[in-house]
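Let me begin by presenting the structure, written as structure tokens, before commenting on it.
The values are calculated or read from the model by the stated rules, or taken from the named source; none is laboratory data. Because the structure is a prediction, the values reported are computed rather than measured. In this analysis, Cβ positions are derived from the backbone assuming ideal geometry, glycine residues included, and neighbour counts consider all displayed protein chains. Protein only, heavy atoms only, side chains kept; ligands, DNA and RNA dropped before computing areas. Shrake-Rupley method; radii C 1.70, N 1.55, O 1.52, S 1.80 Å.
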Amino acid sequence: MIVLHAVFPIEADRLDEALDHAKTLVEESNREEGTIAYRAATDVEDGTTLRFFEQYEDAAAFEAHTETDHFRAFETALPDLLAGEPEVLRFDVESAEELDL
């Protein structure tokens, strides 16, 4: 499984636009074959930071995601929305289990 955690600091006056792009990206990405989960949220400590959590069955599914129109639209819009450097971490995960809380 491939897991990504992406952090995007967004210009405050562009947040609504960024959220619209994120909503479309999440909706469309969750329809992709090989996507396990695709979520976006605002950071509770900094409401102008968007965090994405993405899970894919494998590297091929992730690569296919980067070729979609909705990903490319977000990628094209992103430079004008950013207030700083994004951070994207990729994890190659061999196993995962749900924990009882």
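Assorted remarks:
- Extension gain (nm, one decimal) between residue 94 and residue 57, 0.36 nm per residue minus Cα-Cα: 12.2 nm
- Where labels lie 7 Å past Cα in the beta-carbon direction, separation of residue 4 and residue 73 in nm: 1.7 nm
- Going by accessible surface with a 1.4 Å probe and the largest first, 24, 48 read 24, 48.
- Packing-based ranking of 1-12, 84-95 yields 1-12, 84-95, ordered from highest to lowest mean Cβ neighbour count within 10 Å.
- Solvent-accessible area per residue for the chain (1.4 angstrom probe, square angstrom): 65 Å²
- P(r) for the chain, from all Cα pairs and a bin width of 10 Å, is 15, 47, 30, 8, 0 %, short bins first.
- Put the Cα centre of region 37-58 next to the Cα centre of region 1-25 and the gap is 7 Å.
- Rounded to 10°, Cα long-axis angle of helix 69-81 versus longest principal axis of the chain: 40 degrees
- Axis angle, to the nearest 10 degrees, between helix 15-29 and the longest C-alpha principal axis of the chain: 20 degrees.
- Shape class of region 1-54 from the alpha-carbon gyration tensor: oblate, with a/c at 1.5 or above and b/c at least as large as a/b.
- 5 angstrom amide H check on residue 11, placed H, neighbours 5+ away: 82, 83
- Fraction of accessible area attributable to carbon and sulfur, the chain (%, probe 1.4 Å): 48 percent
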